[in-house]
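One structure below.
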Amino acid sequence: MLKYFYRSYLNLSKVILMSSRTSIFMLLLLLTCCLVEMQETTAYGDADLFYSLGNPSEKQFLTTELEEISGLTYLDSGILGCIQDEEGIFFKYDFNKETVVERIRFHGNGDFEGVEIVGDRVYAIESNGDLRHWNINETFEPDAKKIETPLSSKNDVEGLGYLEEKNYILMACKGDPDYDDHNEKGEAIYVFDIDRGEMLEDALFTIEEEDIEEFIEDFIGEKIKDVEFNPSAIALHPLEERYYVMASSGNLLVILNADYEIENVVTLDPAVFRQPEGICFAPDGTMYISSEGRGFSAFILKFDYAN
């Protein structure tokens, strides 16, 4: 460790001799390296994990129009659906061609955080809990219908997923889990029942930070510092029937079984994931995770399924 900081000191000395603009850039880059030096992608849990989360098989950078990418869904044959959190535009991204192949405006400006494909309909959610949906075959200014849920901005809805077995839209709250007079403990995953056309009153499940802490402590056999977990994305694995809930705030991926019991917790290296905001799966288990740019280029990571 002393050698590491000595090298950092020498590098800083060299930076001072450069032009001011270059010096600032190099200094920020060096400080970033120092901050992430001790952080790694580490998995906790005895359940099988079929991804090498520290080593994506592919990484594709996105153009500036998707710098604020906030949601991700799988469409077909390497085609991903994306949204960004400032404009109501649905992007079709071809991962094989490494480019956006279609843009569909479904609404004006807004804070759009999650997107999910269900049959021939696309669902997008705003942080205030409003759902909008339209037929994916409508390619020019589709008539996106609005559904108001009991959730609001204080709940800060960030992620959407789909539970095909029950035809439920999963809504992951990053903020307050409570609404109206209804109270939940922990980070709440609510569901919108498509068949009934309404949100169910109770959360499908909740995740408490204390439960994550206890899970890790039981696995490593020692106490850990306070865990931060504020969900930003959720997806149901197509082969494992497990829920993958990801948090950019806290840099964690929590995997739960069909009974909503934690089976794995993975710390996500910020040098690899930066700000993970979207997650989706191909039918064969291939996993895609998107990251906002934070002033740089946003990107999508691909992880092969190793089962």
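Asn109 passes every criterion in (1) buried (at least 17 other Cβ atoms within 10 Å of the Cβ); (2) at pLDDT below 95 apart from (1).
Looking at region 227-297, the strands (runs of 3 or more DSSP E) lying wholly inside it that each contain 3 or more residues that are surrounded by 17 or more Cβ atoms within 10 Å (Cβ to Cβ) and over 11 Å from the mean Cα position of the chain (by Cα) sit at 252-256, 262-267. Glu40 fulfils the conditions (1) open to solvent by 40 Å² or more (accessible area, probe 1.4 Å); (2) out of contact with any Asp or Glu (no Cβ under 9 Å at 6 or more places or on another chain); (3) not small (Gly, Ala, Ser) except for a single criterion, (2). Is it true that Glu102 is loosely packed, with under 15 Cβ neighbours inside 10 Å, out of contact with any Ser or Thr (no Cβ under 8 Å at 6 or more places or on another chain) and free of Cβ contacts under 8 Å to residues at least 40 places away in the same chain? So Glu102 fails the test. Contact annotation: residue pairs with Cβ atoms under 7 Å, 6 or more positions apart or on different chains, pairing a residue in region 54-68 that is loosely packed, with under 13 Cβ neighbours inside 10 Å with a partner that is among the aliphatic types (A, V, I, L, M), are Lys59/Leu301.
Screening Tyr179 on (1) in contact (Cβ under 8 Å) with a residue 60 or more places away in the chain; (2) more than 16 Å from Ile234 (Cβ to Cβ) shows it passes everything except condition (1). Candidates are the residues of region 88-111 that are touching a Phe, Trp or Tyr at 6+ places or on another chain (Cβ under 9 Å) and aromatic (Phe, Trp, Tyr); the one that is farthest from Asn128 (Cα to Cα) is Phe95. Quick one: would you say Tyr305 is surrounded by 20 or more Cβ atoms within 10 Å (Cβ to Cβ) and within 20 Å of Thr73 (Cα to Cα)? No; evaluated as a whole, the condition is false for this residue. Here Val100, Val122, Val115 are screened, and the one residue that is closer than 16 Å to Ala298 by Cβ and over 16 Å from the mean Cα position of the chain (by Cα) is Val100. With the structure loaded, tell me whether Ile125 is open to solvent by less than 20 Å² (accessible area, probe 1.4 Å) and in a strand (DSSP E or B) or whether it fails that test. Yes: the conditions hold for Ile125.
The values are calculated or read from the model by the stated rules, or taken from the named source; none is laboratory data. Nothing here was measured: the structure is a model prediction, and the numbers come from that model. Cβ: placed from backbone, ideal geometry, glycine included. Neighbour counts: every protein chain shown. What goes into the accessible areas is simple: the full protein's heavy atoms, side chains included, and nothing from ligands, DNA or RNA. Shrake-Rupley method; radii C 1.70, N 1.55, O 1.52, S 1.80 Å.
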